[in-house]
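Engineer: Structure in structure tokens, see below.
Derivation of every value follows stated rules applied to the coordinates shown; laboratory data play no part. Everything numeric in this text was worked out from a predicted model, so none of it was measured. Methodologically, a virtual Cβ is constructed for each residue, glycine included, from the backbone with ideal geometry; neighbour enumeration extends over all protein chains shown.
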Amino acid sequence: MKAARLHNYNEYLHIDEVDEPKATGPLDVIVMIGASGLCRTDLHLKDGDFKEIHEAEGVELPYTLGHESAGWVHEVGSAVTNVEIGDAVVVHPLITCGLCRPCRAGDDMHCVEGVFPGLFVDGGHADFLKTHARSVIKLPEGVAPKDIAAHADAGLTAYHAVKKAADILYPGTRVVVIGAGGLGHIAVQCLKALTPAEVVVVDRLEPALELARDIGADHTVLADGNEVNSVTELTDGMGAEAVIDIVAEQGVEKVAPQMVRDAGTYYVVGYGGALDIPTQEIILREISIVGNLVGTYNDLAELMTLAGQGQVTLHTSEYPLDAINDAMVDLENGDLRGRGILIPEGASA
């Protein structure tokens, strides 16, 4: 089969011919990939940002990237009962044990035995993916893999952060979403589906702001160096009860906390930057800073319900799997609109 593999850090990927994975364990599931989503984490992996972590975990190159996967069940282990061959599924990005305390509590993103395909073992930028019965969710009737593949991480991450923020977003509150690209445009829709809050979107690109308006944002702000003042004006001089930072790098993480009102919460979703906030400011303003790590299996199942109802839709740009490096360049240059979706040559509709 074909697979997009990382051979060396700071180099683009190679399309290799490799053996198809097989179901060797009783709960293994082999998924024929219908689509896989391109994530900014793929760029971080390519750029060597995970090199030290890989070395600590014993990850050897080359290996196959890709952690946003959807397709059809191709093969199952002897004990799999929740899906059958031919079922259309989305794949939760983590393979979990189901037995540890976090798994038992429904917090499976923190599984103590978790394995993350695409980051530490072979992932889904390929014709086939090996995963686990605990990781697959049947798609609603009429939903195609290519239409929801990016929900396996981008949508899931957005939903997870919005679900946390929903607890403090009562009628009359405001929430700022920074970044309206592949993940941010999903967060806007989730906010409109789950909360009554007024949604303000900040982005440096006018086409992204136009998309945000089209999908329900109440206000949009161009990140032109004056975005903090603009948000302050839109929030009666107070700032927003919640700021969901999809970017959190390239200086965005320096200004984002300034958009949070006193006693508000800053939800950090993107990564790559570094926070430097005086502890005195955190105390005197009584602001909270909350990290967000993808999301749980239940979060993804709930998001699939919203997708099936048409409340959350993905705006995507499709590329053949062979053109993954073109897609990565477009993402790096800011030329990719919505989420990049990679389609293997043999994938059917």
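Engineer: Summing -39500 (n - 2.57) over the DSSP H runs of n ≥ 4 in the chain and dividing by its residue number, what mean residue ellipticity at 222 nm do you reach, to the nearest 500 deg cm²/dmol?
Structural biologist: -7500 deg cm²/dmol
Engineer: May I ask you to derive the relative contact order of the range 156-291, considering only C-alpha pairs under 8 Å and at least 6 residues apart, and to give it as an integer percent?
Structural biologist: Once normalised by length, the contact order is 21 percent.
Engineer: A further question follows. Principal axis lengths of the range 211-268 from Cα atoms, whole Å, largest first?
Structural biologist: Over the range 211-268, Cα extents along the principal axes are 30, 28, 20 Å.
Engineer: Please list, ordered by chain and number, the residues whose modelled amide H lies under 5 Å from the amide H of residue 347; skip anything fewer than 5 residues away on the same chain.
Structural biologist: Result for residue 347 returns nothing.
Engineer: A follow-up question, please. Does the range 1-138 classify as rounded, prolate or oblate by the C-alpha gyration tensor (a ≥ b ≥ c root eigenvalues; a/c under 1.5 gives rounded; else a/b over b/c gives prolate, otherwise oblate)?
Structural biologist: oblate
Engineer: Given all pairs of different Cα atoms, what value in angstroms does the Kirkwood hydrodynamic radius of the chain take? Walk me through the numbers before you get to the answer.
Structural biologist: Working: mean 1/r = 0.0487 Å⁻¹.
After inverting the pairwise mean of 1/r, the radius is 20.5 Å.
Engineer: Right, here's the next one. Could you derive backbone 3J(HN,Hα) for the range 252-265 from the dihedral phi with the Karplus parameters 6.51, -1.76 and 1.60 (θ = phi - 60°), listing whole Hz in sequence and x where the residue is Gly or Pro?
Structural biologist: The phi angles translate into 4, 5, 7, 9, 4, x, 6, 8, 8, 6, 4, 6, x, 10 Hz.
Engineer: Then there is this: So what's the net charge close to residue 195: Lys and Arg +1, Asp and Glu -1, counting the other residues with Cβ under 14 Å from its Cβ?
Structural biologist: On the way: positive: 163, 164, 174, 192; negative: 167, 198, 218, 241.
So the environment of residue 195 carries a net charge of 0.
Engineer: Too long at a 20 Å Cα-Cα cut-off: which of 2/146; 146/192; 163/192; 46/146?
Structural biologist: From the list (2/146; 146/192; 163/192; 46/146), the Cα-Cα distance tops 20 Å for 146/192; 46/146.
Engineer: I've got another one for you. For residue 288, enumerate residues with amide H under 5 Å from its amide H, sequence gap 5+ or separate chain, H modeled in the peptide plane.
Structural biologist: So residue 288 has HN proximity to 264, 265, 266.
Engineer: Continuing with this model, one more query. Mind checking which aspartates and glutamates have their C-alpha under 18 Å from residue 51, skipping anything on the same chain fewer than 8 residues away?
Structural biologist: Cross-link targets: 11, 42, 60, 122.
Engineer: Choose one of 81, 131, 14: the residue whose Cα lies farthest towards the positive end of the charge dipole of the chain (beta-carbon charges +1 Lys, Arg; -1 Asp, Glu; about the Cα centre).
Structural biologist: It is 81, whose Cα lies furthest towards the positive end.
Engineer: Over the chain, with a Gaussian network built from C-alpha contacts below 10 Å, which listed residue (144, 187, 79) shows the highest mean-square fluctuation?
Structural biologist: 79
Engineer: In terms of modelled amide H atoms, which long-range or inter-chain residues lie less than 5 Å from the amide H of residue 87?
Structural biologist: Excluding prolines and chain starts, which carry no amide H, the hits are 73.
Engineer: Here's something else I'd like to know. Using θ = phi - 60° and the Karplus curve 6.51 cos²θ - 1.76 cosθ + 1.60, what whole-Hz ³J(HN,Hα) does each residue of the range 269-286 get, with Gly and Pro shown as x?
Structural biologist: Couplings: 10, x, 8, x, x, 9, 7, 9, 10, x, 4, 4, 5, 4, 6, 5, 8, 6 Hz.
Engineer: Placing +1 at every Lys and Arg Cβ and -1 at every Asp and Glu Cβ, with all other atoms neutral, what dipole size does the chain have around its Cα centre, in debye to the nearest 20?
Structural biologist: Value, rounded to 20: 820 debye.
Engineer: Might you report the magnitude of the Cβ-based charge dipole of the range 156-291 about its Cα centre, with Lys and Arg at +1 and Asp and Glu at -1, to the nearest 20 debye?
Structural biologist: 360 debye
Engineer: Sticking with this structure for a sec: Give me the net charge for the shell around residue 236: Cβ to Cβ below 15 angstrom, other residues only, Lys and Arg +1, Asp and Glu -1. Let's see the in-between values first.
Structural biologist: Details: positive: 174, 261; negative: 198, 218, 233, 241, 262.
Net charge in that neighbourhood comes out at -3.
Engineer: Now for a separate question. Please rank 156, 99, fewest neighbouring Cβ atoms within 10 Å first, as an exposure proxy.
Structural biologist: 99, 156
Engineer: Say the dipole of the range 265-347 comes from +1 at the beta carbon of Lys and Arg and -1 at that of Asp and Glu; which of 272, 288, 298 then lies farthest toward its positive end?
Structural biologist: Of 272, 288, 298, it is 288.
Engineer: Report the one residue of 166, 178, 223 whose Cα lies farthest in the direction of the positive end of the charge dipole of the range 156-291 (charges on C-beta: Lys and Arg +1, Asp and Glu -1; origin at the Cα centre).
Structural biologist: 166
Engineer: Next question. Explain nothing, just the number: dipole magnitude of the range 118-223 about its Cα centre with +1 on each Lys and Arg Cβ and -1 on each Asp and Glu Cβ, in debye rounded to the nearest 20.
Structural biologist: I would put it at about 340 debye.
Engineer: Continuing with this model, one more query. Pick out which of 83, 31, 247 has the largest mean-square fluctuation in a Gaussian network model of the chain, springs linking Cα atoms closer than 10 Å.
Structural biologist: 83
Engineer: What is the packing order of peptides 193-199, 160-166, taking the mean over residues of other C-beta atoms within 10 Å and listing the highest first?
Structural biologist: Result, highest mean first: 160-166, 193-199.
Engineer: I need the shape label for the range 156-291. Rule: rounded when a/c is under 1.5, else prolate if a/b > b/c, else oblate, with a, b, c from the alpha carbon gyration tensor. It would help to have the intermediate numbers written out before the result.
Structural biologist: Details: a/c = 1.35, a/b = 1.22, b/c = 1.11.
It is rounded, given that a/c, with a ≥ b ≥ c, falls under 1.5.
Engineer: As a test, work out the antiparallel percent of DSSP beta bridges whose residues both lie in the chain, rounded to the nearest 5. Before the final figure, lay out the partial values.
Structural biologist: Values: 30 of 58 bridges.
Roughly 50 percent of the DSSP beta bridges within the chain come out antiparallel.
Engineer: Taking a ≥ b ≥ c as the square roots of the eigenvalues of the Cα gyration tensor of the range 26-86, is the shape rounded (a/c under 1.5), prolate (a/b larger than b/c) or oblate?
Structural biologist: Because a/c hits 1.5 or more and a/b fails to exceed b/c, the range 26-86 counts as oblate.
Engineer: Would you tally the net charge around residue 253, using a Cβ to Cβ cut-off of less than 14 Å, leaving residue 253 out, and scoring K and R as +1, D and E as -1?
Structural biologist: Net local charge, residue 253 excluded: -3.
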